[in-house]
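*Asks:* First the structure, then my questions, so here it is.
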Amino acid sequence: MKKNMGGTDKVVRVLLAVVAGLLVYFEVVQGTFSYVLLALAAIFVLTSLVSFCPLYGIFGLNTCGLKK
C-alpha cells in the first residue's frame, strides 16, 4: 500500500469521525443510521492512520504530495 492521503485529508477525516461520534453519543442520530455513521467514522479513522484510502487508489487520486 502506497500512501495516497495528505495531511489535510487526514485531519478532515478525523474531525468528521469525531463529529459523527459525538452525534451518536449525544443521541442526535439514533437507530440504524447511528451504526452506519459509526462504521463510516471508524473507516475514516483507520484510513487516516494508515494514510491510504482504497477509493483514492481505484480512482488514481493522490493528495499526499509524494511523487510516484
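*Asks:* Let's see if you can work this out: charge +1 on each Lys and Arg Cβ, -1 on each Asp and Glu Cβ, no other charges. What is the dipole magnitude of the chain about its Cα centre, in debye to the nearest 20? Mind dumping the intermediate values first?
*Replies:* Working: 6 positive and 2 negative charges, 99 e Å.
Roughly 480 debye for the chain.
*Asks:* Please name which of T47, V36, L16 has its Cα lying farthest along the dipole of the chain towards the positive end, using unit charges on Cβ (Lys, Arg +1; Asp, Glu -1) and the Cα centre as origin.
*Replies:* T47
*Asks:* Using the Karplus curve 6.51 cos²θ - 1.76 cosθ + 1.60 with θ = phi - 60°, what ³J(HN,Hα) values do you get for each residue of region 29-45, in whole Hz, with x for Gly and Pro?
*Replies:* 10, 9, x, 4, 4, 5, 5, 5, 5, 5, 5, 5, 5, 5, 5, 4, 5
*Asks:* Would you mind estimating how fast the chain diffuses translationally, via Stokes-Einstein at 10 °C and 1.306 mPa s with the Kirkwood radius over Cα pairs, in µm²/s?
*Replies:* After rounding, the answer is 125 µm²/s.
*Asks:* Moving on. If I model a spin label at T32 and V11 as a point 7 Å from the Cα along the Cα→Cβ vector, what separation in nanometres do I get?
*Replies:* Each label point lies 7 Å from its Cα, and together they span 3.7 nm.
*Asks:* Can you give me the relative contact order of region 10-68 as a percent, contacts being Cα pairs under 8 Å and 6 or more apart?
*Replies:* Contact order relative to length: 40 percent.
*Asks:* If you rank L55, L40 by fewest surrounding Cβ atoms within 10 Å, what's the result?
*Replies:* Ranking L55, L40 by Cβ neighbours within 10 Å, fewest first, gives L55, L40.
*Asks:* Collect residues whose amide H, placed 1.01 Å from N in the peptide plane, falls under 5 Å from the amide H of G6; neighbours closer than 5 in sequence don't count.
*Replies:* T63, C64
Bear in mind that the values in this text are calculations on the coordinates, not laboratory data. Everything numeric here is computed off the predicted structure, so don't read it as measured data. Note that each Cβ is placed from the backbone with ideal geometry, even for glycine, and that neighbours are counted across all protein chains shown.
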